[in-house]
Amino acid sequence: MIVETRDVDGTTVVLLSGDVDLQHSPRLRKTLMELMFDRRPVVIDMSAVSYIDSSGIASLVEAYQMARRNSGRFTLASVSPPALRVLQLARLDKVFTIAPTVEAAILP
Amino acid sequence: MNAALDARYPARPERLQEIRRAVAETAGRMGCADSVVSDVVLAVDEACQNIIRHAYHGSDGDIVVQMGRESGRLVVRLIDFAPPVDVAKICPRALDEVRPGGLGTHFIRSIMDEIAFLPPPAGAGNLLQMVKRIGSEP
């Protein structure tokens, strides 16, 4: 799993790639929790996620909940088919805000 | 069951990718559609995570992964050597509450058609059998 962050006009874009599994999700959780304290809009680019399990989904849910408590924006973008399948199994595809592209997620 | 996969792995998070790869290759070899392969890989991964976290509690141990076909059913057996688990405590959480955690068992139950703890072989602690119907061929 690789986690890369960049700033795009005041929005933090997190490029998540590879396998987001029990071995790696603690690192994702730590990164997301730190970003949530910045209280800036966050977009997770999930186009290169090849696999995600319940521990990876849990990290996203935790960040989403923290963003909501802070009235912040937390958006998933360009979700890869394998990741979307897992979100659908968890019935979270209707809970998260999901944008078709990173650009669409950044637009107000 | 004629085992198409019968392998033993250390029950550690860093070995899960290797298990996923073996399960995917085996399910593909058995003729499963790509979507079924992905789902079964997730179910097996989540079940192995449960063994790592709730049976071994993070301590050292092994997981034996067996896969095979029985009358159009893909059968997966996971054998561990931890103390027997309290099956009554294993249940999926309701999905109407959005919170982290507790999704693994839900994934397993959503994907697989049958899940059962069977009497383990001598010397083992638990035997979890999961079955996915994949077709009518032998």
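FYI, it's all coordinate maths here, none of it is from the lab. Quick caveat, the model's predicted, so the values are computed rather than measured. Cβ: placed from backbone, ideal geometry, glycine included. Neighbour counts: every protein chain shown.
Helical content alone sets the calculated 222 nm signal of chain A at -12500 deg cm²/dmol, taking -39,500 (n - 2.57) per DSSP H segment of four or more residues and averaging over every residue.
When all alpha carbon pairs of the protein assembly as shown are counted in 5 Å bins from zero, the resulting P(r) reads 1, 6, 14, 17, 18, 15, 11, 8, 5, 3, 1, 0, 0 %. For chain B, what does -39500 (n - 2.57) per DSSP helix run (n ≥ 4), summed and divided by total residues, give at 222 nm, in deg cm²/dmol to the nearest 500? That calculation yields -9000 deg cm²/dmol at 222 nm. Database remark: amide H of B:I134 closer than 5 angstrom to the amide H of B:R73, B:L74 (H placed geometrically; neighbours at sequence offset of 5 or more, or on other chains; Pro and chain starts carry no H).
Coupling constants for segment A:76-88 follow from the phi torsions by the Karplus curve (6.51 cos²θ - 1.76 cosθ + 1.60, θ = phi - 60°), and in residue order they are 8, 10, 6, 5, 5, x, x, 6, 5, 4, 6, 4, 5 Hz; glycine and proline get x.
Listing A:T5, B:T26, A:T12 from fewest to most neighbouring C-beta atoms within 10 Å gives A:T5, A:T12, B:T26.
Evaluated at q = 0.14, 0.20, 0.27 Å⁻¹, the base-10 log of the normalised Debye intensity for segment B:1-72, with identical point scatterers placed on the Cα atoms, takes the values -0.42, -0.81, -1.24.
Around the Cα centre of segment A:60-103, unit charges on the Cβ atoms of Lys, Arg, Asp and Glu (plus for the first two, minus for the last two) sum to a dipole of about 180 debye. Taking N as the residue count of chain B, its C-alpha radius of gyration divided by 2.2 N^0.38 Å amounts to 1.01. Using only alpha-carbon positions in segment A:37-80, the gyration tensor eigenvalues give semi-axes of 20, 13, 7 Å once each is multiplied by 5 and square-rooted (largest first). Computed about the Cα centre, the dipole magnitude for segment B:2-133 is approximately 100 debye when only Lys and Arg (+1) and Asp and Glu (-1) carry charge, each at its Cβ. Short-range pairs are left out: with C-alpha atoms under 8 Å and at least six residues apart, the relative contact order of chain B is 27 percent.
In segment A:2-106, Cα pairs under 8 Å separated by at least six residues give a relative contact order of 27 percent. When only alpha carbons are used to place a centre, segment B:1-50 and segment A:1-77 end up 27 Å from one another. Beyond 23 Å, the tail of the calculated P(r) for segment A:2-106 holds 14 percent of the Cα pairs. This model, with +1 at the C-beta of Lys and Arg and -1 at the C-beta of Asp and Glu, gives the protein assembly as shown a dipole about its Cα centre of some 440 debye.
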